[in-house]
């Protein structure tokens, strides 16, 4: 039955994808939905490392990371698009980006 072979191949591909993903994400914790949680504290410390308002940057970054489970890499604004949830979260009062 050819559909059985297709299903087996898809399952193998999914297992390989999950294995690579876990290696890239460094293991991490799992949420209730089964997805790997990133270490928001260290990711935000890296992101906010050169920010002049470091404590406020870390506070907002950790809030956004908790909701999005990702943080834009680096310290600049040019990488925000690599984490769309993080990049698209805006302050409802002034329309400015909520995440640093």
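Points worth noting:
- Put simply, of 57, 64 the only residue that is buried (at least 18 other Cβ atoms within 10 Å of the Cβ) and touching a helix residue (DSSP H, G or I) at 6+ places or on another chain (Cβ under 6 Å) is 64.
- Matching entry among 33, 14 (being at pLDDT below 90 and in a helix (DSSP H, G or I)): 14
- Of the residues making up the range 82-97, those that are modelled with pLDDT of 85 or more and either under 19 Å from residue 41 (Cβ atoms) or part of a loop (DSSP other than H, G, I, E, B) (or both) are 83, 85, 89, 91, 92, 93, 94, 95, 96.
- Among the conditions (1) touching a helix residue (DSSP H, G or I) at 6+ places or on another chain (Cβ under 9 Å); (2) exposed (fewer than 14 other Cβ atoms within 10 Å of the Cβ); (3) modelled with pLDDT of 85 or more, residue 73 misses just one, which is (3).
- Leading residue by the ranking (farthest from the chain's Cα centre (by Cα)) among those in the range 63-81 that are part of a helix (DSSP H, G or I) and closer than 18 Å to residue 37 by Cβ: 63
The values are calculated or read from the model by the stated rules, or taken from the named source; none is laboratory data. All of these numbers come straight from a predicted model, not from anything done at the bench. Note: ideal-geometry Cβ built from the backbone for every residue, glycine included; neighbour counts use all protein chains shown.
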